[in-house]
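Read the figures in this text as sums done on the coordinates, not as results from a lab. On a predicted model such as this, the values are computed, not experimentally measured, just so you know. Here the Cβ positions follow ideal geometry from the backbone for every residue, glycine too, while neighbour counts run over all protein chains shown.
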Amino acid sequence: MNLYLNPNISTLLESIAEELDIPPALHEEAVLHHSDVGDWLGAPGSTLEKYTPEIYPQGSFRLGTVVRPIRKNGEFDIDLVCRISKTKDQTTQSDLKHLVGDRLKDRDDLEKRLEESRRCWRLNYEPRLHMDVLPCLQNPERVPNGILLTDRELHHWQSSNPIDYANWFHWQMKTAFDLKRQKLAMSMQAAVDDVPEWQVRTPLQRVVQVLKRHRDLSFKVDDPNVPASIIITTLAALAYRNQLDIQEALHAILSSMDGYIRCENGRWWIRNPAEPTENFADKWNEEPDRRKAFFGWLERARRDFSQGAEQKTLGDTATVLGKALGAEEVRRAVARLSVEGGTLVARPPVFKPLEAPPLASESHVQRPPWREDLTHSAKIKASTYTANKKTKLAALGDYAIAKNTNIRFQVSTGVKGVYTVKWQVVNTGQEAYVANQLRGDFYDSDGQQYRWERAGYGGTHWVQAFVIKDGVCIARTERKYVKVRC
């Protein structure tokens with residue numbers, strides 16, 4: 001594969017990968033859903049409570065390699081593990097599966113979304129995503145993170161280890177990840193720890209996304225020989241050397257990823273780095289067409305990306321990559337590019353906004369009761385969290401958030417000495433009005449400088465903080481608007 005390290009091509013590839021990613025608002029919605037399901041499965045009084053269920057994401061959602069579905073109306077697929085504290089001597093695959101399924105059916109809104117599949121229970125959150133809940137047990141031979149899976153078509157329990165695999169994958173890109181996170185924190189003027197990990201994308205993650213999309217377009221949707229995502233992801237991670245340039249990473253991965261495939265005693269092997277007995281290429285040995293399809297796809301990927309790198313102009317490169325990765329995605333990626341200071345840069349992707357009702361009447365808003373002498377300044381920032389407040393989602397953005405999202409508002413000010421912060425919380429719109437929850441008055445802080453609120457009603461609402469010292473308001477923030485989808 002030829003390589004021309006052209007920063008313009010790297011910028012284009014990065015922009016294309018961003019177009020393939022899950023939109024931030026939808027990512028937050030997915031986290032809210034899996035947090036909600038997890039809380040329900042393990043809630044006090046649950047039929048599963050005594051088995052201390054542990055629920056966590058696995059697969060591309062955990063790895064940060066989710067790819068937008070090819071079909072216009074396709075859904076994002078989110079995979080969850082539900083690990084139950086039982087042993088395989090205490091249950092059967094069928095009983096375990098129905099133990100989890102019965103608990104999901106105990107809630108009307110979840111039962112309406114529920115359907116059974118071979119290994120898991122699927123919850124359909126139309127029209128944007130679905131969630132697969134996989135019942136499993138701890139694997140006593142691979143503690144603490146190994147699991148045993150249910151599968152109605154197989155007699156023996158199947159083993160896996162999604163946590164250790166994800167840890168291995170992230171270790172393969174740790175240097176690049178830390179640098180990317182630091183850079184993003186600087187651009188956001190935030191502390192590194194305030195940048196959610198899911199917002200960071202390394203060249204390895206981007207290359208995996210690009211290769212998966214190239215794979216998707218190289219095979220028919222129902223082709224049984226399509227290369228598995230876990231094989232592409234594993235070989236890419238093995239070949240990655242923390243390159244910071246996506247084109248350089250792509251070249252290195254495509255050039256050497258097949259070097260990590262082994263043929264031992266006539267059997268093809270791609271070992272699971274987190275589960276050495278698991279062979280990701282096991283089906284290649286029973287169905288040789290799958291192996292041939294993988295190597296055929298790899299040669300095509302090398303040829304397509306080499307041809308893209310050899311083009312003299314950005315337009316010609318975009319034409320070649322459009323055939324390989326999707327003309328519409330590449331068109332949108334190119335549309336976001338511009339030249340600044342002689343360098344090609346990409347604006348952030350523009351996703352179709354999730355709608356919320358506009359700001360409504362504010363006639364119920366109370367006037368501040370304090371005398372004002374604004375001698376100091378104050379700023380307010382906010383971050384969204386899951387309903388149980390355990391998982392931070394992101395900084396509160398301009399897009400509409402889902403109901404039941406928790407929001408942590410925090411004020412920063414240069415005021416010295418003893419002071420208090422009061423918060424004005426204002427709901428607007430029909431839903432809050434019908435529920436008699438328009439509010440508009442003032443509240444104490446939950447801590448010295450922060451307050452928690454929950455998004456309970458569709459509409460556009462706002463929060464404002466007032467810094468009070470000796471009975472006088474000496475600083476106040478601007479309004480922080482919160483858009484909540486109905």
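Compute, for the stretch 371-484, the length of the dipole vector about the Cα centre, with Cβ point charges of +1 (Lys, Arg) and -1 (Asp, Glu) only. Units Debye, rounded to 20. Mind dumping the intermediate values first?
Values: 18 positive and 10 negative charges, 78 e Å.
Using Cβ point charges on Lys, Arg, Asp and Glu, the stretch 371-484 gives about 380 debye.
Sorted ascending by nearby beta carbons within 10 Å, beginning with the fewest, T92, T391, T65 become T92, T391, T65.
Loop-resident chymotrypsin sites (Phe, Trp or Tyr not before Pro) (DSSP state other than H, G, I, E or B) in the stretch 392-421 with no more than 14 further Cβ atoms inside 10 Å of their Cβ are absent.
Both numbers refer to the Cα atoms of the stretch 278-381; Rg and Dmax are 27.0, 80 Å. Remark: W171, W370 ranked as W171, W370, counting other beta-carbon atoms within 10 Å and listing the fewest first.
Along the axis of the charge dipole computed for the stretch 173-288 (Cβ charges of +1 for Lys and Arg, -1 for Asp and Glu, origin at the Cα centre), the listed residues V200, W269, L217 are led at the positive end by V200.
For the stretch 284-388, trypsin sites (Lys or Arg not before Pro) are listed when DSSP marks them as loop and at most 12 other Cβ atoms sit within 10 Å of their Cβ; the list is K312.
Rounding to the nearest 20 debye, state how big the charge dipole of the chain is about its Cα centre with +1 on each Lys and Arg Cβ and -1 on each Asp and Glu Cβ.
Numbers: 68 positive and 64 negative charges, 163 e Å.
Dipole magnitude for the chain comes out near 780 debye.
The dipole here belongs to the stretch 1-99: it is taken about the Cα centre, uses +1 on the Cβ of Lys and Arg and -1 on the Cβ of Asp and Glu, and is about 380 debye. Straight-line cross-link reach from K323 at under 18 Å between alpha-carbon atoms covers these lysines, not counting any fewer than eight positions away in the same chain: K72, K212, K220, K312.
Inter-part distance, the stretch 290-348 to the stretch 217-259, computed on C-alpha centroids, equals 15 Å. Residues of the stretch 446-460 with an amide N closer than 17 Å to a point placed 7 Å from the Cα of V434 along the Cα-to-Cβ direction: 456-460.
Remark: spin-label model distance L114-T391 equals 2.0 nm, labels positioned 7 Å along the Cα→Cβ axis. Only aspartates and glutamates eight or more places from K180 in sequence, or on another chain, were considered; those with a Cα closer than 19 Å are E14, E18, E19, D21, D193, D194, E197, D245, E248. When the inverse distances between all different Cα atoms of the stretch 263-318 are averaged and flipped, the Kirkwood radius reads 13.6 angstrom. For K469, a cut-off of 16 angstrom between C-alpha atoms picks up these lysines, skipping any fewer than 8 places away in its own chain: K416, K422.
When the gyration tensor of the stretch 1-124 is built from Cα positions, what are the square roots of 5 times its three eigenvalues, in whole Å, from largest to smallest?
Working: eigenvalues 275, 52, 35 Å².
Each semi-axis is √(5λ); the values are 37, 16, 13 Å.
In terms of overall dimensions, the C-alpha atoms belonging to the chain reach 83, 66, 40 Å along their principal axes, ordered largest to smallest.
Over the Cα atoms of the stretch 320-426, the radius of gyration divided by the Kirkwood radius equals 1.12; this is the Rg/Rh ratio.
If r is the Cβ-Cβ distance from S46 to W452 and R0 is 30 Å, what FRET efficiency results, to the nearest 0.05?
On the way: r = 25 Å, r/R0 = 0.84.
The computed FRET efficiency comes out at 0.75.
When each pair of different Cα atoms in the stretch 183-254 is counted once in the 1/r mean, what is the Kirkwood radius in angstroms, to one decimal? About 13.9 Å for the stretch 183-254.
Please give the length that would be gained between K174 and K379 if that part of the chain were fully extended, namely 0.36 nm times their separation in residues minus their C-alpha to C-alpha distance (nm, one decimal).
On the way: separation 205, 0.36 × 205 = 73.80 nm, distance 3.35 nm.
Roughly 70.4 nm would be gained on extension.
Taking the centroid of alpha carbons for each part, the stretch 349-399 and the stretch 426-444 are 14 Å apart.
With runs of 4+ DSSP H residues as the only contributors, calculate the mean residue ellipticity of the chain at 222 nm using -39,500 (n - 2.57) per run, divided by the residue total and rounded to the nearest 500.
Values: 15 runs with 173 residues, N = 486.
Only helices count here, giving -11000 deg cm²/dmol.
Taking other C-beta atoms within 10 Å as the exposure proxy, H27, H376 rank H376, H27 from fewest upward.
Across the stretch 371-484, the convex hull enclosing all Cα atoms gives 103 Å³ per residue.
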